[in-house]
Amino acid sequence: MDHARYRMLIGADPRSSDPELREHRESCRECQLYTERLLRFESRLERALRVDVRAQTHRPASWRWMAMAASVLLGVVVAAGIWAVLPGASLAADVVAHMREEPQAWRRTDVAVPDAELNDILRESNLRLGAAAGIVSYASSCAFRGHQVPHLVVQTPSGPVTVMVLVHESVSRLTQFDEQGYRGTIVPMPGHGSIAVLMQNPGAAQARDLQRIAAQVRASIVWTR
Amino acid sequence: MNDGSGGNQRRTRFQALCQSLRPDLLRFAFWLCRDRALAEDVVQESLLRAWKAQDSLLDESAAKPWLLTIVRRECARTFERKRVVTVDVDELVAKEEPMLAAAEEQDLGELRAALFKLPVEYREPLVLQVLMGYSTAEIARELDLSGPAVLTRLFRARNRLRAAMGEEISAEAEE
């Protein structure tokens, strides 16, 4: 594959995990740097497209939508009631809701976020990540419960795993949840809040790996303050 | 009339599904319509259409692409009805400033304005890929294009945006 072909294909899909593209990238320093520039832009593009749709509504909902919403309300109230009595459940619900906002993060890829970009995001939360964590294919600083938090996707042999570092969310014990296709765990990080680790639609074997992966991620976090 | 508890349960699940996907649908419609109020109308109408046609959704895991297709068609219908002939993009950007502004990162606002100015044939595949996680083949299917045509549009879309944001692209990647 020549440079022009590589740049056209990677320019169309910077997070592509095509083996031919990877092979060229690994043998060409120039194209490696080009890809890193594209990935930096890609992160900004992903954040730019994710406009806050919960912002002000421009007009009241019509009677038809309200009628539909009213019939949903009872179910939501019941579900919320059940959710509320589970320890740590509301935090898990917010984490899952956040996951649904960023579906593009879950792509299976072997393209790592450039180190400089990852470190910038982690620095805001006073931490860095050791190499043992695996390939970080997505990194974003996300608004969550009034704070900016690192939202990472780590590629593992069991598939992509999302990690949210929640330094402002202290939990007293480890909790697990299985909600809307997401299997996850919230792990206390004494003195540093907690981390949420999630998989999307995991198979039984992958789900069994979750605690091991969470422990691995937890161990690879180095707090800088 | 056959409306047993199974049917009720199914409808309740469908409503919950629509509610949970609504933010994604609204975001998609916003980037297609470039008008928040219009996007809300489009999504509302789309959900009503989906509600009426829910029996045609056989696999719940395919709900999101199914709903996105409905939103896309509803958008097209809306623009046909409105017969919008000319659009002043700067006016659109000014009108949607509260949505496009990004207090946390100033240049995100500029990038969003550049996205508004991107022709729809570039903007639409880009939104499907980046925001909705569609593969090239899925975009090709949705937009009725060939795979190479999708790749070309995605490549050009990014080049235009990077150029609009002041990045040097001419030497490293020619269209």
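The values are calculated or read from the model by the stated rules, or taken from the named source; none is laboratory data. Keep in mind that what you see is a predicted model, and the values were worked out from it rather than measured. No Cβ is skipped: glycine too gets one built from the backbone with ideal geometry, and neighbour counts run over all protein chains shown.
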Q.
Is it the case, given these coordinates, that B:ARG49 is at positive phi, among the charged types (D, E, K, R) and touching a residue at least 24 places away in the same chain (Cβ under 8 Å)?
A. no
Filtering the range A:179-196 for residues that are modelled with pLDDT of 80 or more, under 27 Å from B:ARG13 (Cβ atoms) and not polar (S, T, N, Q) leaves a count of 5
All-but-one check, A:PRO202 against (1) of a type outside the set (D, E, K, R); (2) assigned to a strand (DSSP E or B); (3) within 30 Å of B:ARG13 (Cα to Cα), failing number (2)
Taking the range A:141-190 and keeping residues of a type in the set (Gly, Ala, Ser) and surrounded by 21 or more Cβ atoms within 10 Å (Cβ to Cβ) leaves A:GLY184
If you go through A:ARG100, A:ARG123, the only one that is of a type in the set (Lys, Arg), away from chain B (no Cβ under 11 Å) and surrounded by fewer than 19 Cβ atoms within 10 Å (Cβ to Cβ) is A:ARG123
Checked against (1) over 16 Å from A:PHE41 (Cα atoms); (2) more than 19 Å from the chain's Cα centre (by Cα); (3) of a type outside the set (Ser, Thr, Tyr), B:GLU142 satisfies every condition except (2)
(Q) Any residue at all in the range A:175-192 that's of a type in the set (A, V, I, L, M, F, W, C), more than 14 Å from chain B (Cβ to nearest Cβ), in a loop (DSSP other than H, G, I, E, B) and over 28 Å from B:GLU60 (Cα atoms)? (A) yes
Matching residues in the range B:76-122 (in contact with a Phe, Trp or Tyr (Cβ under 6 Å, 6 or more places away or on another chain) and modelled with pLDDT of 80 or more) number 0
Counting only residues in the range A:134-164 that are within 14 Å of another protein chain (Cβ to nearest Cβ) and aliphatic (A, V, I, L, M), the one nearest to A:TYR182 (Cα to Cα) is identified as A:VAL153
Result of the Cβ filter at 8 Å on the range B:124-136, keeping first residues that are more than 19 Å from B:LEU161 (Cα to Cα) and free of Cβ contacts under 8 Å to residues at least 24 places away in the same chain and partners that are surrounded by 23 or more Cβ atoms within 10 Å (Cβ to Cβ) and among the acidic types (Asp, Glu), at least 6 apart or interchain, is B:THR136/A:ASP13
Log entry, pairs with first residue in the range A:17-30 being assigned to a helix (DSSP H, G or I), second being among the charged types (D, E, K, R) and modelled with pLDDT of 90 or more, beta carbons closer than 9 Å, six or more apart or on different chains, reads A:LEU21/A:ASP13; A:HIS24/A:ARG5
Taking the range A:132-159 and keeping only residues that are under 26 Å from A:GLY203 (Cα atoms) and over 9 Å from the mean Cα position of the chain (by Cα), one is left with A:ALA132, A:ALA133, A:GLY134, A:ILE135, A:VAL136, A:SER137, A:GLN155, A:THR156, A:PRO157, A:SER158, A:GLY159
Of the listed residues (A:LEU166, A:LEU122, A:LEU129), the one being of a type outside the set (Lys, Arg) and more than 28 Å from A:VAL51 (Cβ to Cβ) is A:LEU129
query = Does the range A:214-222 contain at least one residue that is of a type in the set (A, V, I, L, M), loosely packed, with under 13 Cβ neighbours inside 10 Å and touching a helix residue (DSSP H, G or I) at 6+ places or on another chain (Cβ under 9 Å)?
reply = yes
